[in-house]
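Here it is, the structure in full.
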Amino acid sequence: MPPKTTPMLRQYLSLKEKYQDCILFYRMGDFYEMFFDDAKVASRALEIALTSRNKNDEDPIPMCGVPHHAAKAYLARLIESGFKVAICEQVEDPKEAKGLVKREVIQVVTAATLTDPDFLEPKENNYLAAADPRPGGSGSKGLGLAFMDLSTGDFQVRETDSLISLAAEIGRLKPAELLLPASFLKRDEYKTLAAEASLGQGGAVHVEPVEDRLFDRRRAVDLVLGHFKVSHLGTLGIDELSSGLPPAGAVLAYAHQTRQADLGHVVELRVEKPQSFMQMDETTYRHLELFFTLLGKRGKGTLIQVLDKTQTAMGGRLLRRWLANPLTDLKAIIRRQEAVTGFYQVRTEREELREHLSRVADLERLCGRVVMNQAQPREMVQLKTSIHSLGPVMDTVLKIGHPALTALVQEMDPLSDVAMDIGRTVLDDPAPALKEGGIIKSGHNQELDELNHIRSHSQDYILSLEEREKKRTGVSSLKVKFNKVFGYYIELSKANLDKVPEEYQRKQTLVNHERYTTTELAEYEEKALTAGAAAAELEYRLFTELRQRVAAQARRIQTTAALVARLDCLAGLAQTAKTHDYHRPAFNREGIISLTGSRHPVVERVFLDEPFVPNDLHLDMAERQVLILTGPNMAGKSTILRQVALAQIMAQMGGFVPAKSADLCIVDRLFTRVGAGDELARGRSTFMVEMSETARILNQATPSSLVLLDEIGRGTSTFDGLSLAWAVAEFLHDLRGRGVKTLMATHYHELIELAGQKERVKNYTMAVKKIGERIVFLRTLAPGGVSRSYGIEVARLAGLPGRVVARAREILAGLEAGAPQVLHKNTEAWPQPDLFHLPADDGIRKRIAQLEPERITPLEALHILAELKELV
């Protein structure tokens with residue numbers, strides 16, 4: 001502790017000791033102050049002035065601060081920079097404090113516990129997650145993952161069977177923070193998890209190491225039972241939960257520690273089974289650009305940007321969850337399809353519904369803020385206005401009359417009583433600040449009305465009193481006045497002192513006047529001077545009572561919010577389908593993927609200057625299980641691969657697909673190996689990344705999966721790459737004796753020969769037309785293979801200098817003719833031999849065939865080796 005420490009600094013340091021990993025926002029009057037190292041760090045991060053508390057001392061204390069009214073913006077900047085912030089407030093009235101005002105940390109704000117809607121993406125969940133990947137660490141052979149969105153109350157658990165599956169779930173979820181046992185970060189398995197799920201520094205997911213005890217199973221059970229106020233896990237329907245319980249307990253513990261607020265909006269713990277969804281890992285999300293482009297950008301170029309026609313924030317979040325978790329239950333898929341069809345078939349009612357939905361605010365996050373005592377007056381008005389829009393929403397859906405939609409609306413609670421309670425309590429346009437009055441309606445509370453009457457009619461009362469006193473004293477010059485020092489007083493000139501009534505009490509003597517008060521005036525003064533503060537205090541109490549009443553209805557609000565989000569999603573998918581000419585897919589149980597007139601939903605919207613060429617494609621388990629796709633660069637091979645995958649995802653999320661018709665099967669896992677890139681930060685080259693992703697596919701694919709491979713083996717030498725690509729294709733064809741549906745795009749034209757060796761392999765190519773020295777991409781998928789890549793022609797299109805292109809053609813012609821002299825005279829280069837058509841030397845073959853290795857002595861072997869060398 002520094003010398004000459006004041007009581008305030010001692011208080012600050014004692015609080016900082018408890019929150020060493022946080023920047024401490026220490027409330028002093030209208031500012032949050034930071035001291036010592038916190039001040040140095042925060043001043044740099046926030047770009048604010050660094051000063052000192054005791055400038056004249058030999059060792060001044062660094063200090064900086066931010067205004068209380070602008071603290072939210074500064075807080076968000078610190079969180080975005082990766083810091084945790086402990087908010088320390090005054091917890092007693094300074095007027096009543098004896099000595100130093102008592103202060104306490106009321107909450108810790110982190111990336112995953114930030115709940116202010118101003119700093120959250122409206123249509124994205126902000127998850128706090130926890131996992132215990134230690135073998136046997138959770139008391140179970142499986143591995144659990146729990147995650148909670150504090151802003152909405154969404155709380156879920158998933159159980160996986162392996163570290164790789166757990167990594168895939170984390171990659172799919174992309175939590176803002178991931179809690180891991182501190183001891184696990186020292187294990188080798190952490191490196192695997194970090195690489196597979198993009199954890200830690202430079203990764204997409206921030207890791208927060210926490211004490212191992214947070215994952216204690218018994219502690220977790222007690223926390224879960226205590227939070228939901230039940231005596232048995234069976235009451236919650238989670239009695240079979242094993243590895244998921246410790247992470248669930250860790251999430252609850254961390255949430256309570258940081259928020260230090262009621263989590264009454266967390267009303268359910270949902271157990272999601274991974275097998276209920278199509279499994280996709282983080283790599284697949286990235287390759288298919290579902291939510292971010294390959295450059296990591298949101299918006300244009302992503303599938304979510306094309307699909308999202310939702311009108312509400314909660315509908316947008318639900319759509320993202322549907323897209324990230326396509327269903328594998330055919331009945332559930334068809335139920336969604338039926339509902340989308342209901343909206344698809346009507347235009348007027350769909351547009352009318354979307355108009356009503358646009359007036360519904362984020363009920364989920366509003367409810368969360370109400371329960372956590374954060375909702376402000378204008379947010380309560382937002383909640384009321386949104387509830388008023390529910391009636392028209394329900395009426396419009398009922399007017400459509402589709403059974404699947406009617407069933408949804410019949411479950412919806414109109415919440416009329418909640419809106420009525422808010423409406424009769426809060427002004428339609430309340431003041432933005434909570435503790436300064438101007439919130440509560442007139443007529444709601446008699447005491448408040450009296451205080452407001454005093455406050456607003458004080459001048460009338462004073463004028464009335466003045467007139468009465470003039471008549472009573474007969475002094476026409478008598479005045480009733482007010483100043484900040486003496487308050488209200490009656491003023492008379494000294495010439496009229498003989499007319500002063502006995503009950504007047506002298507207050508002040510001036511040169512020409514005397515000032516008096518009366519019992520009546522003194523009593524009114526006390527009322528008038530305290531009415532404003534009393535009214536503001538009473539309004540605050542009445543508002544918090546309202547907030548508590550609304551918070552008690554959290555489960556009802558959340559149930560209705562979930563149904564509104566669902567309607568919004570379904571109507572949005574129908575709107576997208578109608579706008580972009582998508583059609584409802586059929587499903588079969590024969591393992592067939594058949595698309596007619598298939599299009600890429602993103603490419604056709606981004607490159608509008610060129611009409612998109614639709615294509616047909618058929619995969620099955622009997623004849624066309626592995627398709628080898630050849631053709632030049634830029635011809636559209638990768639686009640074909642991606643559009644098949646996106647159609648499958650869109651179909652299994654319950655939507656329509658960009659195709660004239662589609663007959664699809666249920667896919668349990670979708671794998672992609674598309675594109676290549678170094679991960680230098682993780683010490684992995686292009687080829688290592690490629691092989692790691694390929695290995696995952698070969699180890700996890702099942703006969704019900706769909707595999708998309710683009711340019712396998714291109715990260716190494718030609719022979720190595722071709723050999724690997726050939727072996728991978730064979731493996732997938734023969735997988736478990738049944739094979740797996742696979743699309744493989746390649747420049748290794750030798751692979752087309754695989755179709756002659758494996759019965760379910762077929763060759764396709766992206767058709768091109770050569771006109772003189774240039775080529776035209778037809779973008780059409782056609783049966784058969786090609787024997788060249790048109791690489792030089794593509795290079796010319798890309799803008800390579802003419803001399804380079806001409807020289808390349810000269811070299812290529814020489815190599816194809818077996819004439820290495822076309823190369824530079826000092827360069828030794830030879831045409832690449834055809835790996836699968838090597839010339840035979842019958843003499844050598846016959847001599848080797850005559851050998852009997854088991855009868856040859858070592859000396860004879862040396863003589864034979866010399867003989868073979870002579871033959872060569």
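Got a sec? Which of Glu503, Glu447 is in contact (Cβ under 8 Å) with a residue 40 or more places away in the chain, surrounded by fewer than 18 Cβ atoms within 10 Å (Cβ to Cβ), of a type in the set (Asp, Glu) and more than 13 Å from Ala528 (Cα to Cα)?
Of the residues listed, the single one that is in contact (Cβ under 8 Å) with a residue 40 or more places away in the chain, surrounded by fewer than 18 Cβ atoms within 10 Å (Cβ to Cβ), of a type in the set (Asp, Glu) and more than 13 Å from Ala528 (Cα to Cα) is Glu447.
Would you mind stating whether Thr686 is at pLDDT 80 or above and hydroxyl-bearing (Ser, Thr, Tyr)?
Answer is no for this residue.
So Ala49 ticks every box in (1) in a strand (DSSP E or B); (2) open to solvent by 40 Å² or more (accessible area, probe 1.4 Å); (3) among the hydrophobic types (A, V, I, L, M, F, W, C) but one. Which box is left unticked?
Ala49 satisfies every listed condition except (1).
So in the stretch 325-358, with the set limited to residues that are under 19 Å from Asp581 (Cα atoms) and assigned to a loop (DSSP other than H, G, I, E, B), which one is least open to solvent (accessible area, probe 1.4 Å)?
In this case the residue turns out to be Val346.
Moving on to the next point. Considering only the stretch 453-468, state which residues are under 17 Å from Thr530 (Cβ atoms) and among the hydroxyl-bearing types (Ser, Thr, Tyr).
Within the stretch 453-468, Ser456, Ser458, Tyr461 qualify.
Anything in the stretch 725-748 that is closer than 13 Å to Gly713 by Cβ and crowded, with 18+ Cβ neighbours inside 10 Å? List them, or say none.
Correct list: Ala725, Trp726, Val728, Ala729, Met744, Ala745, Thr746, His747, Tyr748.
Right, something else. Step by step: first the residues of the stretch 253-286, then only those that are of a type outside the set (Lys, Arg) and without any contact (Cβ under 8 Å) to a residue 60 or more places away in the chain, then the one that is most open to solvent (accessible area, probe 1.4 Å). Which residue is that?
Filtering first and then ranking leaves His256.
Tell me the strands (runs of 3 or more DSSP E) entirely within the stretch 731-784 that contain at least 2 residues that are more than 28 Å from Ile666 (Cα to Cα), among the basic types (Lys, Arg) and out of contact with any helix residue (DSSP H, G or I) (no Cβ under 7 Å at 6 or more places or on another chain).
761-771
Please go through the stretch 53-102 and pick out each residue that is small (Gly, Ala, Ser) and either within 38 Å of the chain's Cα centre (by Cα) or open to solvent by 30 Å² or more (accessible area, probe 1.4 Å) (or both).
Gly65, Ala70, Ala71, Ala73, Ala76, Ser81, Gly82, Ala86, Gly99
So which of Leu163, Leu145, Leu120, Leu178 ends up being closer than 30 Å to Ser358 by Cβ and surrounded by 15 or more Cβ atoms within 10 Å (Cβ to Cβ)?
That would be Leu120, the only listed residue that is closer than 30 Å to Ser358 by Cβ and surrounded by 15 or more Cβ atoms within 10 Å (Cβ to Cβ).
From the list Lys229, Lys191, exactly one residue is more than 30 Å from Phe291 (Cα to Cα) and surrounded by fewer than 16 Cβ atoms within 10 Å (Cβ to Cβ). Which is it?
That would be Lys229, the only listed residue that is more than 30 Å from Phe291 (Cα to Cα) and surrounded by fewer than 16 Cβ atoms within 10 Å (Cβ to Cβ).
Restricting attention to the stretch 296-318, does a residue exist that is part of a loop (DSSP other than H, G, I, E, B), open to solvent by 20 Å² or more (accessible area, probe 1.4 Å), free of Cβ contacts under 8 Å to residues at least 24 places away in the same chain and touching a Phe, Trp or Tyr at 6+ places or on another chain (Cβ under 8 Å)?
yes
Could you check the stretch 380-403 and list, in sequence order, the residues that are crowded, with 18+ Cβ neighbours inside 10 Å and farther than 17 Å from Thr312 by Cβ?
Scanning the stretch 380-403 gives Met380, Val381, Ile400, His402.
The values are calculated or read from the model by the stated rules, or taken from the named source; none is laboratory data. Note that this is a predicted model, so its numbers are computed, not measured. Don't worry about glycine lacking a Cβ; one is built from the backbone with ideal geometry, like all the others, and counts go over all protein chains shown. Areas reflect the complete protein model, heavy atoms only, side chains present, ligands, DNA and RNA absent. Shrake-Rupley method; radii C 1.70, N 1.55, O 1.52, S 1.80 Å.
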